[in-house]
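The values are calculated or read from the model by the stated rules, or taken from the named source; none is laboratory data. No experiment lies behind these values; they were computed from the predicted model shown. With ideal geometry, Cβ positions are generated from the backbone for all residues, glycine too; neighbour counts draw on all protein chains shown. With ligands, DNA and RNA removed, areas are computed over all heavy atoms of the protein, side chains included. Shrake-Rupley method; radii C 1.70, N 1.55, O 1.52, S 1.80 Å.
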Amino acid sequence: MRLAVDGARPAPDAPGARGADPDRVPADTTVKNPFPTAKRRVGRGGQGRCDYCDKRLRAAPHRPSPAEWWGRQRSRATCDAPTTEVTATDPVAGGLWERGKAGCAMTTHHTTAIIPETREAAATEVPAPTVHRLAQLIPQQARAQEPTRPLPQPSSLPVGPRMLIYKQDPLVRELGIRSIFVPSVVLNGPTDVRVTTRLDGVTPVTRDSNGDFLFPPNTARFDCAHTFGVVRETLTMLERLNGEPVPFAWNTNGNPDPITVFPRAGEGANAYYSRTARALKFLHFTPEEATSEVMACRSLDIVAHEAGHALLDGLKPGWLAAESPPQTGGLHESFGDLCAVFLVLSQADQVEALVARTKCDLHATSFLSWVGEEFGTALGKQFGLRNADNDLRLSEVGNEVHAISQVFTGAVYDVLADVFTFEYKRRQERTGPTLVLMEVASQLCSLLLGALKRAPEFNADYTDVVNEMLRLSQERGDPPIYRTFIRNRFAVREVVTSPTPMDDLLSGRIRARLHDPDYTGDSATPDVTEVAVSDENSPSLQAAQDRSACCGTMQLPEFQMLGGQQLAANGSLEDADILAEERRRISRSFTQ
């Protein structure tokens, strides 16, 4: 190794030069100086001072020999010749090579070399043995003082609290209560810019010393934190897929008002979303022959379902009108249940537990397909309030909105299972099932959300959404087999007609075609992105909505009395809006 130092000295191999080294390269060889440079200060009387030790550079008639330079760490180099200032990169090396032309207290510092005015500065290589000796003479303190490149600073970490929630439902004990991280600024309440919580005598709930909301399970403070956390997670999931904030119905003309969550809004076996109250309200009840209450707010499924109503009402404010066809109401109820399903599939711990329990078979009995287990069991139902993995067809459900919703939910659930099976078969050698299922669920939820946004503003039916799913899937570049799954599953449910024979699906032979991403059901039929309604005379399209078995949302006066046009035009609703038509009718009676 050879090292070059900026400075000036007589060529060491020149005639008469003392201590000439036969291993040195010619004096005119020049390379880059790797050492940092020290500056020289000028003191009183024109004498230079070292920038580090503040020692004066003074002249004396004595010139030390090279041996003296190597033998002493604290030596003084002097020169009686007229001098000029150049930069030296190392005090010892600079002093040695100048043969005593410059000097200061040679300790651990860099200094300035002074050479005769008649000489020009040059750069010279240093032989490898000399480099090692120089390194030994420079103490560690001096090396530590050399300037270093600053390290890059880490980016700011997300701000947010932890909260304890039921990860699924109080009856799903394998998941139980766990903590989540909410990556947003959450104040006492809990409240943030989109969601706030209210419970008389309890809120605002105060964060602990770590800024978290970790409270004993099943207490009033726990219910506040749990309900807020699930609503916030549902909103965050849809906003990430949407690519921008999802508005509530009243978020018009720059109005950013949040939605208010009431964890214990009163007694009753129900829960609902109200646009006039700008709220989600969860009730509680004690089943017959039971001693403990059932709290609707403690079910992740129920909270996510009602949050889904609020968010879809923001995207399609005309869809909650009772005058719409039953399938329009079914889209609202189905979207609420699917929000619960997709929220479960967005969380790694739940997906991992699901994969282990079902062995990758989404049609096996599991907590994913059952909605509101504790609540439904308390009402005497076998599979919770509803079962997403069902085989219902439109001809079997009539015009009852909740029953109709299960047809759409079941078809989407079947598509989810089909796409997951296809993707896992072709990716299992490089990706585990948990990650594959999370990615497939996210893509399908995004597809559904995009299709709902594209659907008509009023009186949308299932076929409208299915066709938008097909078109959007093709636009995204999904393989044709995705659209085959969508067409087949909704055709089996009697929602749409199939452009291809469904023999492979009905016989089970389709499993042998899962290796072919271009499979369309019939080699002679191209990829179809628009299908027709299966039965235009279906009660789900022609009859009035039967909301008798619906959640409280569908039974509120604001969604019973106002038409789709009024709901879409008003945005924010007041009680006066609900009574406006009745007031006009009474007013006409009084003027006759």
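Observations on the model:
- For region 549-592, the fraction of C-alpha pairs farther apart than 18 angstrom is 37 percent.
- Listed residue (Pro325, Ala296, Gly410) projecting farthest to the positive dipole end of region 290-441, Cβ model: Gly410
- Summarised as an ellipsoid, region 440-592 has semi-axes of 43, 17, 13 Å, derived from the eigenvalues of the Cα gyration tensor scaled by 5 and square-rooted, with the largest first.
- Packing here is the average count of other Cβ atoms within 10 Å per residue, and on that basis the peptides 193-205, 217-229, 510-522, 303-315, highest first, run 303-315, 217-229, 193-205, 510-522.
- Hypothetical label at Asp257: residues of region 264-299 whose amide nitrogen lies under 19 Å (7 Å Cα-Cβ projection): 272-282
- In region 483-588, a dipole from Cβ-located charges (positive for Lys and Arg, negative for Asp and Glu) runs towards its positive end, and of Pro557, Gly521, Leu541 it is Pro557 whose Cα lies farthest in that direction.
- For Leu556, no residue 5 or more places off, or on another chain, has a built amide H under 5 Å of its own.
- Rough spin-label spacing in nm, given labels placed 7 Å along Cα→Cβ, for Arg393 and Gln428: 3.2 nm
- For region 517-592, carbon and sulfur atoms together expose 48% of the accessible surface, with a 1.4 angstrom probe and every protein chain in place.
- Remark: region 387-457 carries a charge dipole of roughly 360 debye about the Cα centre, counting +1 on each Lys and Arg Cβ and -1 on each Asp and Glu Cβ.
- Summed over all non-identical Cα pairs, the Kirkwood treatment of region 155-259 gives a radius of 14.7 Å.
- Of the peptides 458-470, 333-345, the order by per-residue mean of other Cβ atoms within 10 Å, starting with the highest, comes out as 333-345, 458-470.
- Rg/Rg_globular for region 257-348, with Rg_globular taken as 2.2 N^0.38 Å and Rg from C-alpha atoms: 1.16
- Across every pair of non-identical alpha carbons in region 447-515, the mean reciprocal distance, once inverted, gives a Kirkwood radius of 12.9 Å.
- Surface composition of region 178-221: carbon and sulfur atoms hold 52% of the protein heavy-atom accessible area at a 1.4 Å probe.
- Amide N proximity, region 370-401 versus Glu289 label position 7 Å along Cα-to-Cβ, cut-off under 16 Å: 377-382
- For region 198-280: Kirkwood Rh in Å [reciprocal of mean 1/r, alpha carbons]: 14.5 Å
- Taking only protein heavy atoms and a 1.4 Å probe, the accessible area of region 256-310 is 42% carbon and sulfur.
- Student exercise, region 293-433 dipole from Lys, Arg, Asp, Glu Cβ charges, in Debye to nearest 20: 420 debye
- Gyration tensor (alpha-carbon) shape descriptor, region 247-402, a/c threshold 1.5: rounded
- Region 357-411 - accessible surface per residue (Å², probe 1.4 Å): 40 Å²
- With the gyration tensor restricted to C-alpha atoms of region 383-507, the semi-axes of the equivalent ellipsoid amount to 24, 17, 16 Å, longest first.
- Mean Cβ neighbour count within 10 Å, used as a protection proxy, ranking 320-326, 294-300, 429-435 highest first: 294-300, 320-326, 429-435
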